[in-house]
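The values are calculated or read from the model by the stated rules, or taken from the named source; none is laboratory data. Bear in mind the structure is a predicted one, so any value in this text is a computation, not a measurement. Note: ideal-geometry Cβ built from the backbone for every residue, glycine included; neighbour counts use all protein chains shown.
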Amino acid sequence: MSSTSLTLRHPSKVIQGTVQLTGSKSESNRALIIQALSRGTVNVENLSAAADTVIMNKALALADTGRETEEIVTVNIGPAGTAMRFLTSYLNLIEGNFVLTGTERMQQRPIGILVDALKTLGADMTYEKADGFPPLKIKGGMTQNQRKVRIQGNVSSQYLSSLLLIAASLNDGLLLEIEGELTSRPYVTMTLNMLQEAGISHRWINNSIAIEPQEFQPTTIYVEPDWSAASYWYAMVALSEKGEAVLPGLKAHSLQGDIAIVDIMSHFGVASSFQEDGLHIAKVNNGSDKVLFDFKECPDLAQTIVALAAAIRRDISITGVETLKIKETDRLAALKNEIEKFGATIIADEETYHVTTKDAYVPKNVTFDTYEDHRMAMAFAPLALVFDEVIINDPIVVEKSYPDFWKHLQQQGFTVEQ
């Protein structure tokens with residue numbers, strides 16, 4: 001990553017205009033796997049411009065070369081977590097010999113639960129270095145020897161989605177039994193709904209999801225704009241002295257779990273209205289005094305809300321965020337470090353985390369570190385509407401999910417200086 005920084009200011013403290021968000025990274029990466037498995041039967045439109053989606057596209061093209069050679073094909077997905085999880089399953093289905101690897105941080109993120117499940121189904125996989133972690137050595141063209149597999153539901157929904165995406169392409173299909181509580185349920189629902197759109201049916205009864213072997217049907221999947229990206233504009237409107245924005249293409253009935261930002265931000269004084277030209281959001285005076293927010297089904301929103309609450313000196317408590325510890329960084333530790341720079345802090349109470357602001361103050365300027373995590377950069381950038389000057393270290397990290405972020409901030413009145 002680049003070692004440069006950006007200095008942000010917002011002289012007018014007013015947000016007003018239209019922001020065209022890129023396609024959802026979550027939908028795009030699922031759509032690309034579906035397209036690859038369908039052998040071109042499924043088309044995809046409005047793909048995300050995010051680096052993670054670009055990486056996924058290139059990785060799938062590289063994986064195709066494995067069909068034509070006996071050499072080991074190394075697929076390096078860099079920091080792209082979704083690509084790591086989805087390709088861990090996908091590469092077992094195509095002929096070839098592969099090593100699936102990523103950045104140093106990616107090699108510290110656990111994958112063992114998914115690998116164990118795939119081995120149960122018949123996958124031929126080994127670890128290149130530490131057990132339970134990438135890089136993975138995969139011999140493709142697996143022979144399925146079992147239909148049913150059990151997997152924990154409270155670690156990462158991407159493990160489940162990875163298995164569900166390949167289920168219809170397995171000789172015997174898949175019966176997936178989810179053990180314990182399911183974290184980030186909307187992402188599993190997204191996967192199943194996108195498969196349904198491509199002609200793949202399923203049965204979900206209690207904690208079991210069954211998908212029979214079946215063919216993909218001709219269709220075009222249109223990727224909705226990214227609700228995770230929308231969350232940063234909600235924060236900017238909330239922190240502005242006067243704010244309203246139009247976000248074209250966002251739908252009231254979305255596949256994305258991060259549509260939860262509509263309800264969450266209503267408690268911070270931001271109203272939402274779905275109109276013909278897109279989602280309209282506006283700062284209003286009727287928020288609420290709600291304290292406890294549960295991010296179990298939308299963990300990617302937690303950083304936005306914690307940074308916002310700390311900046312406006314509003315004490316809140318958050319739950320459902322245990323998965324944040326195994327993301328691009330330990331996001332809970334990173335959040336605590338950064339909000340302490342202006343006197344706020346996070347206190348852990350088992351699985352509830354309390355944002356306390358009694359000692360918080362408004363600094364003239366503050367420098368935020370990003371920990372190679374795109375969401376840290378974008379969660380703290382809006383604070384330039386409250387503090388005179390915000391410096392963001394390693395700003396290039398936003399390319400992972402929202403490459404036009406800094407350009408869009410300039411269009412909405414921020415000064416952005418390198």
> Scanning segment 174-216 for residues that are in contact with a His (Cβ under 8 Å, 6 or more places away or on another chain) and of a type in the set (A, V, I, L, M), which turns out nearest to Thr143 (Cα to Cα)?
Replying inline: Ile211
>> One residue is enough: does segment 346-367 have a residue meeting the conditions assigned by TED's automatic domain parsing to the domain that holds Thr18, under 22 Å from Ala229 (Cα atoms) and charged (D, E, K, R)?
In response: no
> Within segment 338-379, can you find the residues that are assigned to a loop (DSSP other than H, G, I, E, B) and buried (at least 17 other Cβ atoms within 10 Å of the Cβ)?
Replying inline: Ala344, Thr357, Ala360, Asp369, Thr370, Tyr371, Glu372, Asp373
>> Go through (1) in contact with a strand residue (DSSP E or B) (Cβ under 8 Å, 6 or more places away or on another chain); (2) farther than 18 Å from Thr323 by Cβ; (3) of a type in the set (A, V, I, L, M, F, W, C) for Met84 and report which single condition fails.
In response: (2)
>> Quick test for you: out of Glu197, Glu224, pick the one residue that is under 30 Å from Ala377 (Cβ atoms) and among the acidic types (Asp, Glu).
In response: Glu224
>> Need the failing condition index for Phe216 against (1) in contact with a Phe, Trp or Tyr (Cβ under 8 Å, 6 or more places away or on another chain); (2) surrounded by 14 or more Cβ atoms within 10 Å (Cβ to Cβ), just the number.
In response: (1)
> Taking the stated definitions as given, is Leu6 out of contact with any Ser or Thr (no Cβ under 8 Å at 6 or more places or on another chain), within 19 Å of Phe405 (Cβ to Cβ) and surrounded by 24 or more Cβ atoms within 10 Å (Cβ to Cβ)?
Replying inline: no
>> I'm told Asp330 meets every condition in (1) farther than 20 Å from Glu372 by Cα; (2) surrounded by fewer than 17 Cβ atoms within 10 Å (Cβ to Cβ) except one. Can you identify the failing condition by its number?
In response: (1)
> Which condition breaks for Ile305 when tested against (1) touching a Leu at 6+ places or on another chain (Cβ under 7 Å); (2) crowded, with 24+ Cβ neighbours inside 10 Å; (3) β-branched (Val, Ile, Thr)?
Replying inline: (1)
> Restricting segment 347-373 to residues that are of a type outside the set (Val, Ile, Thr) and over 25 Å from the mean Cα position of the chain (by Cα), which is farthest from Leu324 (Cα to Cα)?
Replying inline: Lys364
>> Anything in segment 308-327 that is polar (S, T, N, Q) and either in a helix (DSSP H, G or I) or buried (at least 23 other Cβ atoms within 10 Å of the Cβ) (or both)? List them, or say none.
In response: Thr323
> Which residues, taken from segment 286-340, are closer than 20 Å to Pro382 by Cβ, polar (S, T, N, Q) and within 19 Å of the chain's Cα centre (by Cα)?
Replying inline: Gln303, Thr304, Thr329
> Conditions: (1) surrounded by 22 or more Cβ atoms within 10 Å (Cβ to Cβ); (2) β-branched (Val, Ile, Thr); (3) out of contact with any helix residue (DSSP H, G or I) (no Cβ under 9 Å at 6 or more places or on another chain). Val246 meets all but one. Number of the miss?
Replying inline: (1)
>> Among (1) farther than 25 Å from Phe133 by Cα; (2) surrounded by fewer than 18 Cβ atoms within 10 Å (Cβ to Cβ); (3) among the polar types (S, T, N, Q), there is one condition Ser24 misses while meeting the rest; what is its number?
In response: (2)
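For (1) outside the structural domain of Val398 (by TED's automatic domain parsing); (2) crowded, with 22+ Cβ neighbours inside 10 Å; (3) of a type outside the set (A, V, I, L, M), each residue gets a yes or a no:
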residue: Gly17; (1), (2), (3): no, no, yes
residue: Asn29; (1), (2), (3): yes, yes, yes
residue: Ser38; (1), (2), (3): yes, no, yes
residue: Ala59; (1), (2), (3): yes, yes, no
residue: Asp64; (1), (2), (3): yes, no, yes
residue: Thr74; (1), (2), (3): yes, no, yes
residue: Ile77; (1), (2), (3): yes, yes, no
residue: Leu91; (1), (2), (3): yes, yes, no
>> Between Ser162, Ser157, which is at pLDDT below 95 and touching a Phe, Trp or Tyr at 6+ places or on another chain (Cβ under 6 Å)?
In response: Ser157
> Only one residue in Gly96, Gly132, Gly122 is in contact with a strand residue (DSSP E or B) (Cβ under 9 Å, 6 or more places away or on another chain), surrounded by fewer than 22 Cβ atoms within 10 Å (Cβ to Cβ) and not charged (D, E, K, R), so which one is that?
Replying inline: Gly96
>> Take the residues in segment 138-160 that are in contact (Cβ under 8 Å) with a residue 60 or more places away in the chain and closer than 20 Å to Asp124 by Cα; name whichever of them is surrounded by the most Cβ atoms within 10 Å (Cβ to Cβ).
In response: Tyr159
> Can you name the residue in segment 203-214 that is in contact (Cβ under 8 Å) with a residue 24 or more places away in the chain and more than 24 Å from the chain's Cα centre (by Cα) and, of all such residues, is farthest from Gly180 (Cα to Cα)?
Replying inline: Gln214
> Do we have Leu114 as crowded, with 21+ Cβ neighbours inside 10 Å and farther than 17 Å from Gln158 by Cα here?
Replying inline: no
>> Of the residues Val306, Val262, only one is among the β-branched types (Val, Ile, Thr) and free of Cβ contacts under 8 Å to residues at least 40 places away in the same chain; which?
In response: Val262
